[in-house]
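> The structure is given below, and queries will be raised subsequently.
Throughout, read-outs are computed from the coordinates displayed, never taken from laboratory work. What you see is a predicted model; the values in this text were computed from it and never measured. We place every Cβ from the backbone using ideal geometry, glycine too, and count neighbours over all the protein chains shown.
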């Protein structure tokens, strides 16, 4: 895991308070080219730690416009939503798209997503997204591996 504190680029020093600040500036300027990524995503601390340790390798999302642009082989900067200085680089191995979470987990082990069962998943997901909204969108299980 890396912490962004200060990056020295040519004659300038850049200091970042959060990963979000780093991402916004690095997209505008050629900062830290040794950190290859195309996208960013944040996850809650609990899930960040699970991904970082290898306990979780499927991230669940609505299959929205951002996710529709993602594909196997893409790298992304995944940061801890509760501590934006902490991030890891992940690579997408596969995009598992399904009409709903129940269908998604007919072919995948739900424990790989950090949940014991579909009831626990739905209890957590519906704190952020209404069931009606979930019925309007497809869902995706983003199979990932940590690169660094």
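> Run the numbers for residue 147 and residue 46: contour at 0.36 nm per residue of separation, minus the present Cα-Cα distance, in nm.
Taking residue 147 through residue 46 to full extension adds about 34.4 nm, to one decimal.
> Something else: If you take every DSSP beta bridge fully contained in the stretch 36-146, what fraction is antiparallel? Give it as a percent rounded to 5.
Restricted to the stretch 36-146, the bridges split so that about 80 percent are antiparallel.
> If neighbour count is taken as other Cβ atoms inside 10 Å, put 130, 113 in order from fewest to most.
Ranked by crowding around the Cβ, least crowded first: 130, 113.
> Got a sec? How would 100, 80, 117 order by Cβ neighbour count within 10 Å, fewest to most?
Going from least to most buried by this count: 117, 100, 80.
> Per the Kirkwood definition applied to all pairs of different Cα atoms, how many angstroms is the hydrodynamic radius of the stretch 36-146?
The Cα-based Kirkwood calculation yields 14.2 Å.
> Once fully extended, how much extra length lies between residue 107 and residue 94, figured as 0.36 nm per residue of separation less the alpha-carbon to alpha-carbon distance? Before the final figure, lay out the partial values.
Numbers: separation 13, 0.36 × 13 = 4.68 nm, distance 1.31 nm.
Additional length available on full extension: 3.4 nm.
> Further question: Using alpha carbon centroids, what distance separates the stretch 113-148 and the stretch 38-102, in Å?
11
> Give me 110, 118 ranked fewest to most by other Cβ atoms within 10 Å of their Cβ, as a rough exposure proxy.
If I rank by nearby Cβ atoms, fewest first, I get 118, 110.
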